[in-house]
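One structure below.
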Amino acid sequence: MYVRVVCDALTGKVTAGLAQEARHYANSLGLSPEGMKSLGWEMEHVDMVTGVLPDEPASVSPIDERRARLTA
């Protein structure tokens with residue numbers, strides 16, 4: 001629904017009510033700064049010169065371990 005409303009807004013086919021609905025969707029999905037804050041999401045720092053992200057967190061487990069837990 002969000003994508004459809006945004007696409008309609010870009011073509012000028014959206015009403016004020018649908019535009020407000022799109023803003024609510026963006027907030028609830030974390031697609032806006034306000035939505036990210038309400039969900040507790042934070043942007044990772046990126047080195048603007050090199051484009052390097054920080055190291056991966058140590059809590060990431062291999063996919064095989066995850067599959068084993070799901071199928072057990």
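Here are the numbers:
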| read-out | value |
| --- | --- |
| Within region 36-55, tally of residues that are acidic (D, E) and open to solvent by less than 80 Å² (accessible area, probe 1.4 Å) | 1 |
| S32 at pLDDT 85 or above and either in contact with a Gly (Cβ under 9 Å, 6 or more places away or on another chain) or on the phi > 0 side of the Ramachandran plot (or both) | no |
| Scope region 1-36; condition hydrophobic (A, V, I, L, M, F, W, C) and in contact with a Ser or Thr (Cβ under 8 Å, 6 or more places away or on another chain); matching residues | A26 |
| Selection count, region 1-35, where residues are of a type in the set (G, A, S) and open to solvent by 70 Å² or more (accessible area, probe 1.4 Å) | 2 |
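The values are calculated or read from the model by the stated rules, or taken from the named source; none is laboratory data. The structure displayed is predicted, hence computed values, not measured ones. Backbone-built Cβ (ideal geometry, glycine too); neighbour counts: all protein chains shown. We work out accessible area using only protein heavy atoms, side chains counted, and drop any ligands, DNA or RNA first. Shrake-Rupley method; radii C 1.70, N 1.55, O 1.52, S 1.80 Å.
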